[in-house]
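Accompanying notes for the structure given below.
The values are calculated or read from the model by the stated rules, or taken from the named source; none is laboratory data. For clarity, every value in this text was computed on a predicted model and none was experimentally measured. Backbone-built Cβ (ideal geometry, glycine too); neighbour counts: all protein chains shown.
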Amino acid sequence: MEFSLSEKASVLRDRLVLFMDQHIYPAEKDYSEYIHSTDNPWQTPPIIEELKIRAKEADLWNLFLPTKHYESGLSNIDYAPLAEIMGRVIWAPMVFNCNAPDTGNMEVFMNYGTEAHKEKWLTPLLKGEIRSSFAMTEPDVASSDATNVQCSIVRDGDEYVINGRKWFITGIMHEACKIIIVMGKTDPDNANRHLQQSQILVPKDTPGVKIIRPLTTLGYLGAPLGEAELVFDNVRVPAENLLLGEGRGFEIAQGRLGPGRIHHCMRLVGCAQRAVELMCKRVETRSTFGRKLSEHQSVREDIAQSFCDVEQARLLTLMAAEKIDRLGNKEAKDLIAAIKIVTPAMAGRVIDRAIQIHGAGGLTKDYFLAEAYNYARQIRFADGPDQVHMMQLGRSLVKQYN
């Protein structure tokens, strides 16, 4: 199978690589110092705002846009290598308006929003004027089974009333976050557990939306987007804020998550690829027991294995992207599950080897490795944990051969 980029995507890739070299990598130190010293970590760092302007000028804005909705958009197979390049720096996707959860939320608006929803929320999101979040996971139930979600969405005249508790809601802490897509139950007694849920739009400033606390993952605050625990306490929104109709929450979720998993996995391939490159440079500059690190057999084995791991995950993810483009999310579901099983775990292993080769320094913010490891470990939960994808993939494969 050949994965060739379109001429347009090839041009964008070359332009993006140059932009990363000229503007993103040189800004890593300033960005890190700002995030670790600011009194307000939930606002966009000034360096990001400056780079966003440059990205727009370079026509490197909203690269994720799908061809389904925009003539200027890209297919998944064309966007995947760009996601890998941006993924080499954790915060880089924000510069190009290609960061999660906003890309997934924007696709929700494109696919399922009304014209009024699009005008009010999608347009400013595409311009990078506001941010958004997606609220599904709950602390009081095992949310790896999304049918367990207990947040209630109850019709009351021309409004819906929302009550529930959510956590690990990415993007909610950002000052510019204005809209939350909430998944909850409108029909908890429906015999079909996958028709109990709906998704509804809740402006962040709606009375009753209460942020309880920001959360960390492995000690990282995730600023400026942040993650948080929040409560919906008798939150009232207009009935027209319901997306698509009652009972269609899972349908929306599946439409949202297919391309999103491609994005996450390719960003992680970028993290892992950069880790391999850093390993190769590091081992030529350090010596132990009279030899350069690069001359030790165990070090060579780690680098060789890491190369193989990255290449395998990249090719598998590109296969999934190509199948989505050709046949759609449903037909590509086995490959989508496979990349979600393989790629975050791969990135964690490769980055861990790079940390080991960098010694204790690899654990510090002097290198991108520790934060990249946190990202890889986090994504083994986000968009469905490993075990759920393995369960679903195994079930699907058994059906195919019986």
- line: Scanning the stretch 279-327 for residues that are within 31 Å of the chain's Cα centre (by Cα) and of a type in the set (S, T, N, Q) gives GLN305, SER306, GLN312, THR317
field: Residues satisfying the stated conditions in the stretch 100-140, i.e. under 15 Å from ILE169 (Cα atoms) and hydrophobic (A, V, I, L, M, F, W, C)
entry: ALA100, PHE134, ALA135, MET136
message: When the residues of the stretch 351-366 are narrowed to those that are aliphatic (A, V, I, L, M) and more than 19 Å from the chain's Cα centre (by Cα), which ends up nearest to SER287 (Cα to Cα)?
response: ILE357
task: Could you list all residues from the stretch 1-44 that are aromatic (Phe, Trp, Tyr) and at pLDDT 95 or above?
output: PHE19, TYR25, TYR31, TYR34, TRP42
task: Identify, by number, the condition in (1) farther than 30 Å from ASN329 by Cβ; (2) free of Cβ contacts under 8 Å to residues at least 12 places away in the same chain; (3) in a helix (DSSP H, G or I) that SER10 doesn't meet.
output: (1)
- line: Note: among THR170, THR147, just one is outside the structural domain of LYS29 (by TED's automatic domain parsing), within 14 Å of the chain's Cα centre (by Cα) and not aliphatic (A, V, I, L, M), namely THR170
- prompt: Given the conditions (1) outside any strand (DSSP E or B); (2) closer than 27 Å to TRP91 by Cβ, which single one is not true for PRO214?
  reply: (1)
message: Quick check on the stretch 58-117: of everything there that is hydroxyl-bearing (Ser, Thr, Tyr) and surrounded by fewer than 20 Cβ atoms within 10 Å (Cβ to Cβ), which residue is farthest from ILE252 (Cα to Cα)?
response: SER72
task: Determine which member of the set LEU369, LEU393, LEU363 is over 27 Å from ARG274 (Cα atoms) and out of contact with any Leu (no Cβ under 6 Å at 6 or more places or on another chain).
output: LEU393
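Results for (1) surrounded by 19 or more Cβ atoms within 10 Å (Cβ to Cβ); (2) of a type in the set (Gly, Ala, Ser), shown as yes or no for each residue.
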{"position": "LEU242", "(1), (2)": "yes, no"}
{"position": "GLY247", "(1), (2)": "no, yes"}
{"position": "HIS263", "(1), (2)": "yes, no"}
{"position": "CYS271", "(1), (2)": "yes, no"}
{"position": "ARG274", "(1), (2)": "yes, no"}
{"position": "CYS280", "(1), (2)": "no, no"}
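Could you list, in sequence order, the residues of the stretch 345-371 that are of a type in the set (Asp, Glu) and assigned to a loop (DSSP other than H, G, I, E, B)?
Listed by number, the list holds a single entry, ASP366.
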Residue tally, condition assigned to a helix (DSSP H, G or I), touching a helix residue (DSSP H, G or I) at 6+ places or on another chain (Cβ under 9 Å) and among the charged types (D, E, K, R), over the stretch 372-402: 2
- prompt: So which of ARG349, ARG353 ends up being surrounded by 20 or more Cβ atoms within 10 Å (Cβ to Cβ), out of contact with any Leu (no Cβ under 9 Å at 6 or more places or on another chain) and touching a residue at least 40 places away in the same chain (Cβ under 8 Å)?
  reply: ARG353
- prompt: Which one of LEU244, LEU225, LEU230 is within 18 Å of TYR112 (Cα to Cα), aliphatic (A, V, I, L, M) and either modelled with pLDDT of 95 or more or in a strand (DSSP E or B) (or both)?
  reply: LEU244
field: Count of the stretch 18-52 residues which are surrounded by 16 or more Cβ atoms within 10 Å (Cβ to Cβ), part of a helix (DSSP H, G or I) and not aliphatic (A, V, I, L, M)
entry: 7
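Name the residues in the stretch 60-93 that are among the hydrophobic types (A, V, I, L, M, F, W, C) and either free of Cβ contacts under 8 Å to residues at least 60 places away in the same chain or in a loop (DSSP other than H, G, I, E, B) (or both), would you?
So the first thing to find is which residues in the stretch 60-93 are among the hydrophobic types (A, V, I, L, M, F, W, C), and the list is 60-61, 63-65, 74, 77, 80, 82-83, 85-86, 89-92.
Those that are among the hydrophobic types (A, V, I, L, M, F, W, C) and either free of Cβ contacts under 8 Å to residues at least 60 places away in the same chain or in a loop (DSSP other than H, G, I, E, B) (or both): LEU60, TRP61, LEU63, PHE64, LEU65, VAL89, ILE90, TRP91.
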